Amino acid sequence: MDIGFATQQIIYGLTVGCLYGLLAIGYTMVYGVLRLINFAHGDLLMVSAYVAFFGIVIFSFPWPLAFAGAALITGFIGILIDRGAYKPIRKSPRISALITAIGVSFLLENLALVIIGGRPKPFPIPMLFEGSLSVGQVKLPILSIWVLAVTTVLLMIVLAIINKTRIGMAMRALSRDMETVSLMGIDVNRVISFTFALGSMLAAFGGVMWCMKYPAIEPFMGVIPGLKAFVAAVLGGIGNVTGAAIGGLILGLAEVLIVAVQPDWSGYRDAIAFCIMIFILLTRPTGIMGQKLPD
Amino acid sequence: MVRIVSFSLTLLALMFSLASASDPINVGALLPMTGSVAAFGQMGWDGFQTARKIQPQALGRPVELKLSDTKSDKVDSANAMSRLIEREKVVAVLGEMISGDTIAASDYSERAKIPMISPTATNPIVTQGKKFVFRVCFIDPEQGRVGARLAIDNLKAKTAAIIYDISQDYCVGLKTFFQREFTQSGGKIVSETMFKTGDRDFTPQLSRIKSLNPDVIYAPIYYTECALIAKQAREMGLTAPILAGDGVQAPELMQLGGKDVEGLYFTAHFHEDMVETPIAKKFLELFRKETGKELDSYSAQAADAYFLLIDAINRAGSADPQKIRDAIVETKDFNGVTGKITMKPDGNAIKAMVVNKVKDGKFAYVTTIMP
């Protein structure tokens, strides 16, 4: 394997990894605050893809407006999901919330299936994101540069919000002890809604970039990326934002590089991802960046 | 007294015959209306409905189509089949469109002794050892052979790379038959890479293929994945021609693949330009009027499955599944939309094969190959 081939694979791996990472951040934030695995998170990727698609194709908005609309609407749907499905069972055992999350996921998928239909639709890619640069033998798709840049910027913004702002402080406090925080006069529901909105908007950005990279949108397109992002979040240490991004990158790189080196395994890419997760859970249950569990 | 009795008997008989005349014959339509091959299911449904407009009756009774969605999934396909047989009480089933789902569903119909006719399931296993499973299409050993000949004779290929879907019986089977013919004719398979239905990223597989620089890429897969593979291949500068099977003939191939699927060759069941016979012309006209679409292989094959079944029910003179089955086997030189169909005792049909090509964003007809 020569150096050009290896660099090329690393670029592909990083691109996929960033997309997993963006989704994983949303997973991890909701988990951090509510201790809930929001299985509907992957489907928000599908929602944002369809919103952007209809924005461009049916209403013929310019793409920046369609993408911004996709982020806002997806964020709003995130809040709706929390208010409609998770808030009424906030005090119930955690397993009820988990099953509700799976229910919401099915609801979104089948709603899209009924309303839009099951045949894949082509996503119109704006000119700005098309084409690729050639550096020697290595091809650098313009979209990969965008994906890397957008992910880095969004990660910075999320970290700044969590660590530097009052609402971020409330989020961090909430993840420690919800009851005490509510006693301190903080509007818990507002903070949770904000978390959902932020996480869903990240999923929306991930979704729009995902369907520019793989331009076939269909109701079940969010399932596999959602699962992969979940693996990435666990890998990085669930509840930790930087960990989720790193987990995503590791997962993306591992998937691409293993298949590039060992093409016979190319049918088992998903298996590779889940084997990595099992291995991490066995050796380091709290993930790469996770805190040590108290004995 | 005798007169009154005979009169009331006649009346009774008349009422009985009227009742049975209006009694519909239930036929199942087992189709993937959603999921990874939803296009095939919806094209098939268009075909069934248009065909039913032409022949709405069998034995003087209306034919009712009961649609059941298989979600392009093997387990759901088997469930949908049991629903058709147990609840809808169908006397025969038309479908499924793809091999994996047909195999999964056929176990049930075989045990229940309900005849089923698949319009387009091409894997040889579909009908193997089964008495009640039929199809109106060619089978994959033929298709793989024609594909390999096409690669060697028309595309002048000496080396080929194969990329296929390991979770679909159709893909695995067709890949094997292509490989056999290609290597026997002196060609060399330089790489075999695989993926799973629903995968969207093929860059590692394609980088591998690019580094081996084959003369042709054989992709015996379905339309969504094929379009994305073509896109990603061209993006990374992999320019080898792509050759595919009948599984790519859906409008989605061009919608998703755009200019990157231009020049893609594939073996197929049918092309609109083949239409010659009066029944085919009549069907084509009605199909265009009803749906506003061009007639594709899947709709045409579905129509033939429907017409063949109605013909068999009429010849059987009864809606009894066993009798319908016996009539289907005896089908000889049946004039369908896609050409003449003769059923062999093993449940397979003798059918011609077509080579198509993507040209200017449309499927263009290249040639017909007789078996």
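Before moving on, here are some points about what is shown:
- Per residue, the average separation of C-alpha pairs within less than 8 Å and at least 6 apart gives region A:176-295 a relative contact order of 22 percent.
- Computed over chain B, the per-residue total of -39500 (n - 2.57) for DSSP H runs of n ≥ 4 gives a 222 nm mean residue ellipticity of -14000 deg cm²/dmol, rounded to 500.
- For region A:164-295: rounded, prolate or oblate by the Cα gyration tensor [a/c cutoff 1.5]: oblate
- Report summary: the helix-based calculation at 222 nm, which adds -39500 (n - 2.57) for every DSSP H run with n ≥ 4 and divides by the residues of chain A, gives -24000 deg cm²/dmol.
- Region B:24-88: relative contact order as a whole-number percent, Cα under 8 Å and 6+ apart: 44 percent
- Peptides A:54-62, A:154-162, B:348-356, B:160-168 ordered by average Cβ neighbours within 10 Å, highest first: B:160-168, B:348-356, A:154-162, A:54-62
- In the context of the full protein assembly, A:ILE145 retains an accessible surface of approximately 70 Å², using a probe radius of 1.4 Å and ignoring ligands and nucleic acids.
- Shielding of peptide A:214-224 by partners, expressed as the average count of other chain Cβ atoms within 10 Å per residue Cβ, is 5.
- Against the main long axis of the alpha-carbon atoms of chain A, helix A:142-164 sits at an angle near 20°.
- Antiparallel DSSP beta bridges within the protein assembly as shown, as percent of all bridges there, nearest 5: 45 percent
- Look at where the Cα atoms of region B:104-127 and of region B:246-306 average out, and the two centres are 24 Å apart.
- Taking Cα centre as origin and charging only the Cβ of basic (Lys, Arg, +1) and acidic (Asp, Glu, -1) residues, the dipole magnitude of the protein assembly as shown rounds to 780 debye.
- Inter-chain Cβ neighbour average for residues B:204-210, partner chain, 10 Å: 6
- Sorting the segments B:297-306, B:104-113 by their mean number of nearby beta carbons within 10 angstrom, highest to lowest, gives B:297-306, B:104-113.
- Peptide-level mean, for A:116-127, of C-beta atoms on other protein chains within 10 Å: 5
- Phi angles of region A:38-53 translate, via the Karplus equation with coefficients 6.51, -1.76, 1.60 and θ = phi - 60°, into HN-Hα couplings of 7, 5, 7, 4, x, 6, 5, 4, 5, 4, 5, 4, 5, 4, 5, 4 Hz per residue; Gly and Pro are given as x.
- R0 of 45 Å, Cβ-Cβ distance A:ARG172-A:ASN110: FRET efficiency to nearest 0.05: 0.80
- Crossing angle, helix A:166-176 versus chain A [Cα axis fit, 0-90 degrees, rounded to tens]: 80 degrees
- Computed on the Cα trace of region B:124-225, the radius of gyration divided by the Kirkwood hydrodynamic radius gives Rg/Rh = 1.01.
- Length-normalised contact order of region A:14-72 in % [C-alpha pairs under 8 Å, at least 6 apart]: 22 percent
- Tilt relative to chain B, helix B:278-291 - C-alpha long axis, 0 to 90 degrees, to 10: 80 degrees
The values are calculated or read from the model by the stated rules, or taken from the named source; none is laboratory data. Note that the structure is predicted; figures quoted are calculated from it, not measured. Cβ coordinates were reconstructed from backbone atoms using ideal geometry, including for glycine residues, and neighbour counts include every protein chain displayed. These accessible areas exclude ligands, DNA and RNA; they are computed on the full protein's heavy atoms, side chains included. Shrake-Rupley method; radii C 1.70, N 1.55, O 1.52, S 1.80 Å.
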